[in-house]
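Inspection log for the structure reproduced underneath, given as structure tokens.
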Amino acid sequence: MRIIADSSCDLYTLDVPDFRTVPLTVYTDERSFTDDTDLNIKDMLDYLASYKGRSYTSCPSVDAWLNAFEGADEIFVSTVTSALSGSYNSAMTASTIYQEENPGVKISVIDSLSTGAEEALLLFRLKELIRDGEPFEVIDRKIRAYLKKSRLFFSFFSLHNLSQNGRVSKAAAAALCVLNISVTGTASEVGKISVTGKARGERKSIRTLFQDMKNAGYNGGRAVITHVENESMAASLKQAVLAEYPQAEIIILPARGLCSYYMERRGVVIACETQ
């Protein structure tokens, strides 16, 4: 079985025989940044910090998905939320074409209704189900049920790029003009960004994120933390979780290009299993 995700998953590799990612792209009127293994994320962020024009993102083309499908006969696909990107629709179109050209092929395209850490959480579980040797249809049913019991929460210190691209309101972005104020929030049930509050400083942000997790039903299972140049806050959040749930499995990942663009510097996201 082949697992394919777009680059919003924040993973470059997955410990399975056949895993691939399909890059999204960040654009300005002067340059483009393809979210692949060659992207220097620090250079991209430095450039964007000084760039005064518009910037935006683009999802993978149908051809890019078809190239990723080539040669496989059982495929699981995970995409960034369809509420904020065309990646899911592009993958679905490619799936229809590929199955028409290759009768008998099985493809499951999963709209994560999220991004980053929650996509990674889904992929880690998908890897386990495949290793258990379950049939394709059973894996598909179980992974979709699993996704319904995961949640994502974030702490961002800038909403400039999200606001510029219409993902959050300009009013929410303006709230971060005060030094060291972050916004906290979650991915809604329909896959949109929901800002739920503000916090002054990283310690308050960590307490808020951890409380949000527990309120959602987290009880010490697996969690994935992604960050943009903020490993110290990610590590502190991990320690806060382990202090109460020492048995928990907490994985920390640096964000890839697409999520780094939207999370911006110091941004932290955590996705967790819930009861």
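Observations on the structure shown:
- Failed condition for residue 266, given (1) in a loop (DSSP other than H, G, I, E, B); (2) within 18 Å of residue 114 (Cα to Cα): (2)
- Yes/no for residue 78 being over 15 Å from the mean Cα position of the chain (by Cα), open to solvent by less than 40 Å² (accessible area, probe 1.4 Å) and of a type outside the set (Val, Ile, Thr): no
- Pairs are defined by a Cβ separation below 8 Å, a sequence spacing of at least 6 or placement on different chains, a first member in the stretch 96-109 that is among the polar types (S, T, N, Q), and a second member that is open to solvent by 60 Å² or more (accessible area, probe 1.4 Å); the pairs so defined are 102/73.
- Qualifying residue in the stretch 86-106 (condition: touching a Pro at 6+ places or on another chain (Cβ under 7 Å), modelled with pLDDT of 95 or more, open to solvent by less than 10 Å² (accessible area, probe 1.4 Å) and within 23 Å of residue 161 (Cα to Cα)): yes
- Looking only at residues of the stretch 10-33 that are of a type in the set (Val, Ile, Thr) and closer than 27 Å to residue 125 by Cα, we find that the one that is surrounded by the fewest Cβ atoms within 10 Å (Cβ to Cβ) is 13.
- Close pairs (6 angstrom Cβ cut-off, 6 or more residues apart or separate chains): assigned to a strand (DSSP E or B) in the stretch 144-164, β-branched (Val, Ile, Thr) and at pLDDT 90 or above anywhere: 151/274; 153/186; 153/270; 154/269; 155/184; 155/268
- Out of 239, 211, 275, one residue alone is among the polar types (S, T, N, Q) and modelled with pLDDT under 95. It is 275.
The values are calculated or read from the model by the stated rules, or taken from the named source; none is laboratory data. Small disclaimer: the values here were computed from a predicted structure and weren't measured. Cβ sites come from the backbone with ideal geometry, for glycine too, and all protein chains shown count toward neighbours. Please note that ligands, DNA and RNA were not included when accessible areas were found on the heavy atoms of the full protein model with its side chains. Shrake-Rupley method; radii C 1.70, N 1.55, O 1.52, S 1.80 Å.
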